[in-house]
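Trainee: Here it is: the structure, laid out below.
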Amino acid sequence: MSRRDELAANLAAVQARISNPDVTLIVVTKTYPVSDVQILKELGVSEFGENRNEEGLEKSSAVDATWHYQGEIQSRKLRDIAQWADVIHSLDTASHITKLDSVATSSIDIFLQLSLDGDPSRGGVIESELPVLADAVLASSHLNLKGLMCVPPVALEPRTAFIEIAAIHRRFIGAFPAAQSLSAGMSGDYEIAIDCGATHIRVGSSILGSRTAR
Ligand SMILES: *Cc1c(COP(=O)(O)O)cnc(C)c1O
């Protein structure tokens, strides 16, 4: 099977399991080459996600699409990320929001990263810390508040986690009505996430194959 046939089959299988046509599929191409991104673009994919600035810069300059950044954020990389990312899913620090706004030259959609357990290793903030971040986004000139992103703790049963995430998202929308989107669900759990209200799913290995690292 050619790489094109393989990607086409995997993509079709994922798309067939997306029960809600309004859900945005972001194909996470991290660690995979530009050639795969080009094939996926030809197959109709228009949203791609990356976890590293260098990779995002390279692939986004080769393939015209909507580019998402969902990796860990380092302050010194923000200026570069702002040059290619149309959407950022992993903001969780007020100073990063202020800096991103000051270095952005065009508008960027923002998902604030929620953490269910406050474990710093996966990033994100607990619910009570979201409003300060949301206010910082609303006060900015270049950043649009889109919603919340969350990667649940592995120890939690996925449906339990996504139900809790959706409840937090509903309360958040109560205070920040612009934040209608919910970025939740990866290869292993996107169907459950969609069931529980995810509007954006970030799927990598189910389409591109398993990665050795990251
Ligand atoms: C790698 C990654 C994904 C995609 O994960 P898969 O399990 O390969 O689908 C989604 N979101 C984040 C934050 C990631 O780091």
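The values are calculated or read from the model by the stated rules, or taken from the named source; none is laboratory data. The model shown is predicted, which means the values in this text are computed figures rather than measured ones. Cβ: placed from backbone, ideal geometry, glycine included. Neighbour counts: every protein chain shown. Keep in mind that these areas ignore ligands, DNA and RNA; they rest on the heavy atoms of the full protein, side chains included. Shrake-Rupley method; radii C 1.70, N 1.55, O 1.52, S 1.80 Å.
Trainee: Name the pairs: first residue in the range 122-149 and open to solvent by 60 Å² or more (accessible area, probe 1.4 Å), second residue at pLDDT below 95, Cβ to Cβ under 7 Å, at least 6 apart or on different chains?
Mentor: Ile126/Gly118
Trainee: Out of Arg202, Arg211, report the one residue that is modelled with pLDDT under 95, within 8 Å of the ligand (Cβ to nearest atom) and touching a Ser or Thr at 6+ places or on another chain (Cβ under 8 Å).
Mentor: Unique residue meeting the criteria: Arg211.
Trainee: Which residues, counting only those in the range 57-81, are of a type outside the set (Ser, Thr, Tyr), touching a Lys or Arg at 6+ places or on another chain (Cβ under 9 Å) and either open to solvent by less than 10 Å² (accessible area, probe 1.4 Å) or more than 16 Å from the ligand (Cβ to nearest atom) (or both)?
Mentor: Those that are of a type outside the set (Ser, Thr, Tyr), touching a Lys or Arg at 6+ places or on another chain (Cβ under 9 Å) and either open to solvent by less than 10 Å² (accessible area, probe 1.4 Å) or more than 16 Å from the ligand (Cβ to nearest atom) (or both): Val63, Asp64, Ala65, Trp67, His68, Gly71, Leu78, Arg79.
Trainee: Among the residues of the range 33-49, are any in contact (Cβ under 8 Å) with a residue 60 or more places away in the chain, surrounded by 16 or more Cβ atoms within 10 Å (Cβ to Cβ) and among the β-branched types (Val, Ile, Thr)?
Mentor: If we filter the range 33-49 for residues that are in contact (Cβ under 8 Å) with a residue 60 or more places away in the chain, which is where we start, we get 36, 40, 49.
Narrowing further to those that are surrounded by 16 or more Cβ atoms within 10 Å (Cβ to Cβ): 36, 40, 49.
Imposing the further condition that a residue be among the β-branched types (Val, Ile, Thr) reduces the set to none.
No; the residues of the range 33-49 include none that is in contact (Cβ under 8 Å) with a residue 60 or more places away in the chain, surrounded by 16 or more Cβ atoms within 10 Å (Cβ to Cβ) and among the β-branched types (Val, Ile, Thr).
Listed here are the residues, each with its yes/no results for (1) outside any helix (DSSP H, G or I); (2) β-branched (Val, Ile, Thr); (3) under 15 Å from Ile88 (Cα atoms).
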| residue | (1), (2), (3) |
| --- | --- |
| Ile165 | no, yes, no |
| His169 | no, no, no |
| Gly174 | no, no, no |
| Leu182 | yes, no, yes |
| Ile192 | no, yes, no |
| Ser206 | no, no, no |
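Trainee: What are the pairs with Cβ atoms under 9 angstrom where one residue, in the range 154-165, is more than 20 Å from Pro120 (Cα to Cα) and the other, located anywhere, is of a type in the set (D, E, K, R) and open to solvent by less than 70 Å² (accessible area, probe 1.4 Å)? Sequence gap at least six, or different chains.
Mentor: So the pair list comes out as Arg159/Asp189.
Trainee: Show me the strands (runs of 3 or more DSSP E) found entirely inside the range 1-110 where at least 1 residues are among the small types (Gly, Ala, Ser).
Mentor: Per the criteria, 47-50, 87-91.
Trainee: Determine the pairs where a residue that is buried (at least 18 other Cβ atoms within 10 Å of the Cβ), located within the range 169-186, has a partner that is in a loop (DSSP other than H, G, I, E, B) with Cβ atoms under 6 Å apart, the partner being 6 or more residues away or on another chain.
Mentor: Phe172/Ala179; Ser181/Thr199; Leu182/Gly197; Leu182/Ala198; Leu182/Thr199; Ala184/Ala198; Gly185/Ala198
Trainee: Looking only at the range 133-188, which residues are β-branched (Val, Ile, Thr) and more than 16 Å from the ligand (Cβ to nearest atom)? Full working, then the answer.
Mentor: Looking only at the range 133-188, we keep the residues that are β-branched (Val, Ile, Thr), and these are 137, 151, 154, 160, 163, 165, 168, 173.
Matches in the range 133-188: Val137, Thr160, Ile163, Ile168, Ile173.
Trainee: Then there is this: Only one of Ser181, Ser140, Ser187, Ser106 is polar (S, T, N, Q) and under 30 Å from Ser2 (Cβ atoms). Can you tell me which?
Mentor: Only one candidate passes the filter, namely Ser187.
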